Amino acid sequence: MITDSVHMRAVGLTKSYGGIRALRDGDIEIRPGHCTGLIGPNGAGKSTLVGCLTGRIASDAGEILLNKSPVMFRNARQAVDMGVVAVPQELAVPAGMRLGQFVALGWEPNRFGFVRRKVERSSAQECLARIKLPLDPDLPVEALTPSQARAALIAQALYREARVLLLDEPTAGMSQEQADVLCALMRTLCDEGLALLFISHRLSEVERTCDTVSVMRDGSIIERIEGSDLTVATMVEHLASGLAGESRPVSHTPDLKDPLIAVEGLPLQHGLASFTVYRGELLGLAGLPSSGVEAAFKAITGVGRPAKGVVVAGGRSIRSPEGAISAGVAYLPPSRSDSAILDQSVTRNIVLSALPKLSRAGFLRQRQERRAAAPVADAVQVAPLLDRIMSSLSGGNQQRGLIGRLLMTGADTIVLEDPTLGVDVAARAAIHDLLKGVVASGRSCVVGSSEPEELALLCNRVLIFRSGQLVQELTGEEVTERRIIQGITSHEKVS
């Protein structure tokens, strides 16, 4: 049992970036011997709040209290020195080190400027034993599995004498069995007197691990749940912003007699997935990271050729990005910076996929370029911007231009991941209308989004991926934000 426990409380933390409020009135309490859950959609402000609590981000207003005394962390090292340690979501385990060295990294015991390796090794071994990770401290870190590497990060936090431990998606990418072990470890650490903050999208884990849960949305804590109310069903209700149970009807009707893409026997971590994309359909693929949804997107776009399984479009097997384009499938990844040529005109960005047809002997015919781009630019509502440089446009207009590039290919199916990421509300609505217009014209769209609400607003049908499996299909009135959240986050059914 830890005798010098630390009680942490944040009051009124606020942070803005360029006029955009990322965090407002951030109030949260992390008590010794308790596990506090923090949940919310992507962009809710969770990472900003944790950054402020750990000294990585300087808040604009508010205060942090440790055992009722105000503190101001100038950096993460100062926070660690006071017992506040974050275990990040990203697994940054450097190669070329032994496990014991990694556990002690940055806090190596030394004497007269020399690291005391025996002390380092024995102290690291104690921390590994404490979290029930029976590994040799001399093991190379490259030999660790992802779940072992995550546990090693917790051992590292204990080596640094953490009293408040903040864990950001610690079970991401783990199997259910591995996640169960880690959740049991968190409860053990609470029993020892640590104060824990647990951030996760896996609501079933939050339910059985946490004593209280704070729900974030739009930069604010909107609800606190505890006691008998702390259930998956209650968390889903709050995450769904009051939209639970409401259907999101769409006007377009797919032609179930005209399949455009057929996926058969796609290997996932825990099973095979098969599904079809129909003409006139706006199909959503939903799932948390490592759920299997990434494999589905890679398969239908040819980015990652599966070892087994068959993906067919337009009578052709898709085995590469070039093969996908030839088969009538065009893809726009989630990062605009990876897709747009920012120092070129909107015209050039739209016609990029058609440049071979528009050039003669290696020279571009700019007038023909513009004539070719004009009808597409009109369809995606960027016609007045054709001569503008892409970097000068808003995020929403850049995205519309890039969707225009997909249409320029003449593809039957366009595939988009997070199509409205980083755009404002008006641009988001315009892009939604644009995608609905695409399927109304007889094409199909396959969409992924980190926001379940977006899929509920757009899609005829949503496929749910969870724990390396295709687990559910939602159609018609079943396509609601609440049902999507419940499907991707938990194994329990919500009544």
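The values are calculated or read from the model by the stated rules, or taken from the named source; none is laboratory data. Treat the numbers as computed from the prediction; the structure is a model and nothing was measured. Cβ atoms come from the backbone with ideal geometry, glycine included; neighbour counts cover every protein chain shown.
A few remarks follow.
- Taking the range 435-452 as the range and being free of Cβ contacts under 8 Å to residues at least 60 places away in the same chain and either in contact with a strand residue (DSSP E or B) (Cβ under 8 Å, 6 or more places away or on another chain) or assigned to a strand (DSSP E or B) (or both) as the test, only V438 passes.
- Residues that are touching a residue at least 24 places away in the same chain (Cβ under 8 Å) and either in a loop (DSSP other than H, G, I, E, B) or of a type outside the set (D, E) (or both) are absent from the range 110-118 altogether.
For every residue, the table says whether it meets (1) in contact (Cβ under 8 Å) with a residue 12 or more places away in the chain; (2) surrounded by 15 or more Cβ atoms within 10 Å (Cβ to Cβ); (3) under 20 Å from H7 (Cβ atoms); (4) touching a Lys or Arg at 6+ places or on another chain (Cβ under 6 Å).
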| site | (1), (2), (3), (4) |
| --- | --- |
| G45 | yes, yes, no, no |
| A61 | yes, no, no, no |
| I64 | yes, yes, yes, no |
| N75 | yes, no, no, no |
| M82 | yes, yes, yes, no |
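- Residue among L153, L158 that alone is in contact with a strand residue (DSSP E or B) (Cβ under 6 Å, 6 or more places away or on another chain) and either of a type in the set (K, R) or assigned by TED's automatic domain parsing to the domain that holds L194 (or both): L153
- When the residues of the range 458-495 are filtered to those that are in a strand (DSSP E or B) and of a type in the set (A, V, I, L, M, F, W, C), the one that is surrounded by the most Cβ atoms within 10 Å (Cβ to Cβ) is V462.
- Here A44 clears all of (1) of a type outside the set (S, T, N, Q); (2) farther than 20 Å from M186 by Cβ; (3) not in a loop (DSSP other than H, G, I, E, B) except the condition numbered (3).
- Leading residue by the ranking (nearest to A372 (Cα to Cα)) among those in the range 406-430 that are in a helix (DSSP H, G or I) and under 21 Å from the mean Cα position of the chain (by Cα): R428
- Qualifying residues in the range 390-419 (those that are among the β-branched types (V, I, T) and crowded, with 24+ Cβ neighbours inside 10 Å) - the one nearest to D255 (Cα to Cα): T413
- Residue pairs whose Cβ atoms lie under 9 Å apart, separated by 6 or more positions or on different chains, with the first residue in the range 294-322 and at pLDDT 90 or above and surrounded by fewer than 18 Cβ atoms within 10 Å (Cβ to Cβ) and the second among the charged types (D, E, K, R) and not in a loop (DSSP other than H, G, I, E, B), are V312/E264.
- Count - residues of the range 1-43 that are under 16 Å from F198 (Cα atoms) and exposed (fewer than 15 other Cβ atoms within 10 Å of the Cβ): 1
- Boolean, L455 is part of a helix (DSSP H, G or I), modelled with pLDDT of 90 or more and assigned by TED's automatic domain parsing to the domain that holds E294: yes
- Where D138 falls short, out of the listed (1) among the acidic types (D, E); (2) surrounded by fewer than 16 Cβ atoms within 10 Å (Cβ to Cβ); (3) touching a Ser or Thr at 6+ places or on another chain (Cβ under 8 Å): (3)
- With respect to (1) touching a helix residue (DSSP H, G or I) at 6+ places or on another chain (Cβ under 9 Å); (2) at positive phi; (3) among the small types (G, A, S), the lone exception for G292 is condition (1).
- Residues that are touching a strand residue (DSSP E or B) at 6+ places or on another chain (Cβ under 7 Å) and farther than 13 Å from G37 by Cα, drawn from the range 191-229: L194, G219, S220, I222
- Any hit, the range 215-225, residues being assigned to a helix (DSSP H, G or I) and either more than 21 Å from the chain's Cα centre (by Cα) or buried (at least 19 other Cβ atoms within 10 Å of the Cβ) (or both): no
- Enumeration of residues in the range 289-344 that are in contact with a strand residue (DSSP E or B) (Cβ under 7 Å, 6 or more places away or on another chain), assigned to a strand (DSSP E or B) and not hydrophobic (A, V, I, L, M, F, W, C): S317, Y331
- Any chance L189 is in a helix (DSSP H, G or I), touching a helix residue (DSSP H, G or I) at 6+ places or on another chain (Cβ under 9 Å) and not basic (K, R): yes
- Residues that are surrounded by 24 or more Cβ atoms within 10 Å (Cβ to Cβ) and at pLDDT 85 or above, drawn from the range 171-197: L194, A195, L196, L197
- Residue in the range 147-182 that is nearest to P289 (Cα to Cα), counting only those that are without any contact (Cβ under 8 Å) to a residue 40 or more places away in the chain and hydroxyl-bearing (S, T, Y): T171
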